[in-house]
Amino acid sequence: MMKPRSLSFAALVVEWRWWVIAGWILLAALVMPSASHVDRRLDVSASVAGSESAQVQALIASRFPAAFPSYAVVVVTGAPVPTTAGGRAVLVILRERMSKLPFVSRTLSYLDAPDSAFVGARGETYMVVGLNTEGRRPDELVPLLRAASGSIEPGLRARFPKLSFSWTGEIPLNYDLRKASASDARHAERRVLPLTAILLVVAFGAAAAALLPVVAGALSISLALGGAVLLTRLWPLSLLLQNVVAMLGLGLGIDYALLVVGRFREALLEGMSSRAAAQEAARRAGHTILLSGAAVAIAFSSLLTVPVNEIRSIAVGGLLVIVVTVMLATSLLPAILSLLGTRINAGRIGRLSPGVASDRWRRWGRFVCAHPLAVLVLAGAPLAAIAVQAGRLSSDLPRGDWLPRGMESSRGLRTLSGMNSSGIVNAVRVVVHFPHEATWDSPAGWAALRRASETLSRDRRVSRVRSLTTTTGFISPNLQLLAAMPPDALRSMATADGRIALIEVLPSESAGVRGAGELVRELRVMPNRSLLGLPGSSIQVGGLPALNVDYEASTLGRFKSIVLTVVGVTLVSLLIGFRSALVAIKAVALNLFSVAVAFGAVVLVFQDGHGIRALGLDSALGGTFPAIPLIVFCVVFGLSMDYEVFLVARIAEARDSGMTDDDAIVEGLARTGGLISSAAAIMIAVFAGFMLGDFVLIKILGFALSVAVLVDATVMRIAIGPALLKLGGSWNWWPGKPYRLVCSVPNIQLLNPTEG
């Protein structure tokens, strides 16, 4: 009679290794082809669900279709001044070409309104092109617009050799920024993979052992991106997730693979067979990886609560890559290792490592145990000085010209700025709602509209105001003359039912993005009486500056609650994982310290400008983007847990085997010091690769993560952490015994036909 044989998950993976490998091949065949469509399927626009700016955008689209609810701006340089026949001819040809595009609603240029604002000092001009985005993604229209203007350039250049068209505005800027972000991610991968391969060869001393983590990292990225593209069938995702997937896929994928391969080789050195060693690696490393992955997943899950499409997309991308890397490390890698056996050491270069306890790290462990207070002071004081700077972190948008120089949309924006007309891209749109007893064309309503327009015109941050009262110049409503206005002009500023009017406010060049944001905030809290003077009336404020304000409020407004949630849930998971209150509290405290140091370094370099030229920027930015604090916290807090789990798991394992507290700390450092150093070096190389791109947000993110990993691996986990464990003594393991670090997957009963 056949007897059931109990197999753990680790044993099951090794027992069914061919099925495991076949399953991963099938999954890759189904998912990875979608990754090639990532640029086309992921969105590039930013939005804040339910915000006032989103409400205004929807209202203008439905009630003011002639007011350019969605638009792009084409900047014309190298042509004659539009006041001349040649300049007008260029605009006429451009307008005719735009009108042939089915998604272009109307255009506005010097041809429609001979205003000096359309003319620059060197003859530059621009045309506003209204876009019908219904049923379309706005970013899909940008290549079509550029192709259309590009089709008329050759013919016009025969007469005007220096002629050039540059598309800019919110939609082209978003398109170019996200494309630059995706390009930076691809280039960073190409830069980083060869370097990580070299570092892994140095770490392992063998080419074959170094290859597996690289393959795991690359596979993690491809599968996660493919999964993200498939998810776009259900809801839109932002292209910004590509950078996070690339960073985490390489970093975590290689980190976890490094841990599994190191455990496997260590088991081989102890005389185990290939299958037994693979099972041991999956069993021992599995729990560590699951606990580490859970910490990172907790941090990213919290981002799903932020009602900003970009932040939620980052959360989805992070969760996808975490799930994939954990599954790869705990199933595919052990299956492959059981087949490779000692061939994992093929291509030997120098001494084989890791896998052997290091005497150098053992000596360091003894020193820390002998002088814990001195280690704490000497290691912690310099970092505390940097961490204090985190209190000055500004979440404002960077000041100055921080856009990538090579982007067409940034070139167009710089031209508009030189014309003192960049406000057309950064316009504040004020929607005025009138009470039932007073419409906009009534004396009271007109007076309120005129009062608001004049109040806004006097603001030093405002370049010009466009409304019915400023356009017509009427002191009181003249219905006959209003009826004679072009219908599009009238309907772009007021509704036919008299209930709503639109005021467009163009910020001045000196005010810039920050000044426009300040104006939005002030308008939203301004008493109705001081702006309109009409009881029962109200306003809503939208436009790109309002979107920026809502974006910042949505991210920073949830920052404290997300921090508390992540810290609380991580603390509970560590309590369960290690059955130790002190170890869990220490891990969370050190993680928060790492986050503070990363923030402090960002303040010193990017905000204050110390050493910023080395990173390819000309001057201090003064701000670091609203999304940076939230993203950096979640990523750093999650990643910092990796090395804590790696180290404490080994210390707990050593103590569980009967060692004293001091000996367990020494043994843990001896076994993981080299692993943590190697993993950190690779992680830093990965993140540093993203600092070389043109997208400033990703540059800041790459820098912050590099600093966090460097500090965490070299000081927090190797010096401060062990010193605190030494001081904690036996209290480290209160209230329960050290956790036996085995993969906590239920046993599965199999029938073994060889037994009976």
Quick one: what pairs do we get from segment 529-547, first residue touching a residue at least 40 places away in the same chain (Cβ under 8 Å) and among the β-branched types (Val, Ile, Thr), second part of a helix (DSSP H, G or I) and open to solvent by 40 Å² or more (accessible area, probe 1.4 Å), C-beta under 8 Å, 6+ apart or different chains? Ile539/Asn528; Val541/Glu52; Val541/Arg524
(1) touching a Phe, Trp or Tyr at 6+ places or on another chain (Cβ under 9 Å); (2) under 18 Å from Pro69 (Cβ atoms); (3) surrounded by fewer than 18 Cβ atoms within 10 Å (Cβ to Cβ); (4) aliphatic (A, V, I, L, M): which one isn't true of Leu481, the others all being true? (2)
What helices (runs of 4 or more DSSP H) lie completely within segment 274-386 and have 3 or more residues being buried (at least 24 other Cβ atoms within 10 Å of the Cβ) and in contact (Cβ under 8 Å) with a residue 60 or more places away in the chain? 274-302, 309-327, 333-340
I'm checking my understanding of the structure. Among residues of segment 435-465 that are under 11 Å from Leu532 (Cα atoms) and basic (Lys, Arg), which one is most open to solvent (accessible area, probe 1.4 Å)? Arg451
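Test of understanding: among Val56, Val48, which residue is of a type in the set (A, V, I, L, M, F, W, C), over 21 Å from Trp167 (Cβ atoms) and in contact with a Phe, Trp or Tyr (Cβ under 8 Å, 6 or more places away or on another chain)? Explain how you work it out, then say what you get.
Numbers: Val56 fails: in contact with a Phe, Trp or Tyr (Cβ under 8 Å, 6 or more places away or on another chain).
From the options Val56, Val48, the qualifying one is Val48.
Which residue, of Arg233, Arg190, is open to solvent by 10 Å² or more (accessible area, probe 1.4 Å), without any contact (Cβ under 8 Å) to a residue 60 or more places away in the chain and more than 19 Å from Phe690 (Cβ to Cβ)? Walk me through it before giving the result.
Working: Arg190 fails: more than 19 Å from Phe690 (Cβ to Cβ).
Of Arg233, Arg190, the one residue that is open to solvent by 10 Å² or more (accessible area, probe 1.4 Å), without any contact (Cβ under 8 Å) to a residue 60 or more places away in the chain and more than 19 Å from Phe690 (Cβ to Cβ) is Arg233.
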Being open to solvent by 10 Å² or more (accessible area, probe 1.4 Å) and of a type outside the set (A, V, I, L, M, F, W, C) narrows it down to one residue among Gly609, Gly693; which is it? Gly609
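Can you tell me how many residues within segment 120-159 are part of a loop (DSSP other than H, G, I, E, B), crowded, with 18+ Cβ neighbours inside 10 Å and not small (Gly, Ala, Ser)? Give the steps one after another, and end with the answer.
Just the residues of segment 120-159 that are part of a loop (DSSP other than H, G, I, E, B), to begin with: 120-124, 132-137, 158-159.
Imposing the further condition that a residue be crowded, with 18+ Cβ neighbours inside 10 Å reduces the set to 120, 124, 133.
Adding the requirement that they be not small (Gly, Ala, Ser) leaves 124, 133.
Residues flagged as part of a loop (DSSP other than H, G, I, E, B), crowded, with 18+ Cβ neighbours inside 10 Å and not small (Gly, Ala, Ser) within segment 120-159 amount to 2.
Scan segment 539-555 and tell me whether some residue there is within 30 Å of Leu291 (Cβ to Cβ) and either out of contact with any Phe, Trp or Tyr (no Cβ under 6 Å at 6 or more places or on another chain) or of a type in the set (Ser, Thr, Tyr) (or both). Walk me through it before giving the result.
Within segment 539-555, the first condition is being within 30 Å of Leu291 (Cβ to Cβ), and the residues that meet it are 555.
Now restrict to residues that are either out of contact with any Phe, Trp or Tyr (no Cβ under 6 Å at 6 or more places or on another chain) or of a type in the set (Ser, Thr, Tyr) (or both): 555.
Checked against the condition, which is being within 30 Å of Leu291 (Cβ to Cβ) and either out of contact with any Phe, Trp or Tyr (no Cβ under 6 Å at 6 or more places or on another chain) or of a type in the set (Ser, Thr, Tyr) (or both), segment 539-555 yields at least one hit.
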Of all residues in segment 387-412, which are within 30 Å of Ala723 (Cβ to Cβ) and either assigned to a loop (DSSP other than H, G, I, E, B) or among the polar types (S, T, N, Q) (or both)? Gln389, Leu393
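Between Ala596, Ala546, Ala601, Ala587, which is assigned to a helix (DSSP H, G or I), at pLDDT below 90 and among the small types (Gly, Ala, Ser)?
The conditions single out Ala587.
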State which residue pairs qualify: first residue on the phi > 0 side of the Ramachandran plot and hydrophobic (A, V, I, L, M, F, W, C) and inside segment 607-631, second residue assigned to a loop (DSSP other than H, G, I, E, B) and open to solvent by less than 50 Å² (accessible area, probe 1.4 Å) in any location, beta carbons under 8 Å apart, and separation of 6 or more residues or different chains. Phe625/Ser395; Phe625/Leu397; Phe625/Pro398
Positions within segment 408-420 being farther than 12 Å from Ala72 by Cα and either acidic (Asp, Glu) or open to solvent by less than 10 Å² (accessible area, probe 1.4 Å) (or both), in sequence order: Glu408, Ser410, Leu416
Scope segment 357-399; condition of a type outside the set (A, V, I, L, M, F, W, C) and within 34 Å of the chain's Cα centre (by Cα); matching residues: Gly380, Pro382, Gln389, Gly391, Arg392, Ser394, Ser395, Asp396, Pro398, Arg399
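Could you please give the count of residues in segment 129-156 that are farther than 12 Å from Leu94 by Cβ and either at pLDDT 90 or above or out of contact with any Leu (no Cβ under 8 Å at 6 or more places or on another chain) (or both)? Can you show your working first?
The initial filter retains those residues of segment 129-156 that are farther than 12 Å from Leu94 by Cβ, namely 130-144, 146-147, 154.
Filter once more, keeping what is either at pLDDT 90 or above or out of contact with any Leu (no Cβ under 8 Å at 6 or more places or on another chain) (or both): 130-132, 134-137, 139-144, 146-147, 154.
Within segment 129-156, residues that are farther than 12 Å from Leu94 by Cβ and either at pLDDT 90 or above or out of contact with any Leu (no Cβ under 8 Å at 6 or more places or on another chain) (or both) number 16.
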Filtering segment 518-539 for residues that are open to solvent by 70 Å² or more (accessible area, probe 1.4 Å) and touching a Pro at 6+ places or on another chain (Cβ under 6 Å) leaves a count of 0
Assuming Leu564 fulfils every condition listed in (1) at pLDDT below 90; (2) hydrophobic (A, V, I, L, M, F, W, C); (3) open to solvent by 20 Å² or more (accessible area, probe 1.4 Å) apart from one, which condition is it? (1)
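List the helices (runs of 4 or more DSSP H) inside segment 1-118, counting only whole elements, that have at least 3 residues being under 34 Å from the mean Cα position of the chain (by Cα). Spell out the reasoning first.
Numbers: elements: 9-15, 17-35, 38-41, 52-63, 85-99.
In segment 1-118, 17-35, 38-41, 52-63 are the helices (runs of 4 or more DSSP H) which contain 3 or more residues that are under 34 Å from the mean Cα position of the chain (by Cα).
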Which of the residues belonging to segment 19-51 are open to solvent by 50 Å² or more (accessible area, probe 1.4 Å) and either in contact with a Lys or Arg (Cβ under 9 Å, 6 or more places away or on another chain) or touching a residue at least 40 places away in the same chain (Cβ under 8 Å) (or both)? Leu27, Met32, Pro33, His37, Arg41, Ser47, Ala49, Gly50
For the subset of segment 484-493 comprising residues that are open to solvent by less than 70 Å² (accessible area, probe 1.4 Å) and not polar (S, T, N, Q), which member is modelled with the highest pLDDT? Met493
Do any residues in segment 437-460 that are farther than 13 Å from Ile503 by Cα and in contact (Cβ under 8 Å) with a residue 40 or more places away in the chain have Cβ atoms under 7 Å from those of residues that are surrounded by fewer than 22 Cβ atoms within 10 Å (Cβ to Cβ) and of a type in the set (Val, Ile, Thr), where the two are at least six apart or on different chains, and which pairs are they? Gly445/Thr439
Go through segment 237-278 and count every residue that is among the hydroxyl-bearing types (Ser, Thr, Tyr) and at pLDDT 90 or above. 2
Do any residues in segment 162-185 that are under 14 Å from Leu42 (Cβ atoms) have Cβ atoms under 9 Å from those of residues that are of a type in the set (Ser, Thr, Tyr) and surrounded by fewer than 24 Cβ atoms within 10 Å (Cβ to Cβ), where the two are at least six apart or on different chains, and which pairs are they? Asn174/Ser45; Tyr175/Ser45; Leu177/Ser410; Arg178/Ser45
Is there a residue in segment 504-526 that is in contact with a Gly (Cβ under 6 Å, 6 or more places away or on another chain), modelled with pLDDT of 90 or more and not hydrophobic (A, V, I, L, M, F, W, C)? yes
Filtering segment 494-517 down to residues that are among the charged types (D, E, K, R) and under 22 Å from Pro435 (Cβ atoms), which residue is least open to solvent (accessible area, probe 1.4 Å)? Arg499
Conditions first: (1) open to solvent by 10 Å² or more (accessible area, probe 1.4 Å); (2) at pLDDT 85 or above; (3) under 30 Å from Ala315 (Cα atoms). Leu724 passes all but one, so which condition is the exception? (3)
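Report, by residue number, each residue of segment 421-434 that is open to solvent by less than 30 Å² (accessible area, probe 1.4 Å) and either more than 20 Å from Val520 (Cα to Cα) or not hydroxyl-bearing (Ser, Thr, Tyr) (or both).
So in segment 421-434, the residues open to solvent by less than 30 Å² (accessible area, probe 1.4 Å) come out as 421-432, 434.
Gly423, Ile424, Val425, Asn426, Ala427, Val428, Arg429, Val430, Val431, Val432, Phe434, listed by residue number.
The values are calculated or read from the model by the stated rules, or taken from the named source; none is laboratory data. The model shown is predicted, which means the values in this text are computed figures rather than measured ones. Using ideal geometry, Cβ is built from the backbone for each residue, glycine included, and neighbour counts are taken over all protein chains shown. To get the accessible areas, we keep the full protein, side chains included, count just its heavy atoms, and leave off ligands, DNA and RNA. Shrake-Rupley method; radii C 1.70, N 1.55, O 1.52, S 1.80 Å.
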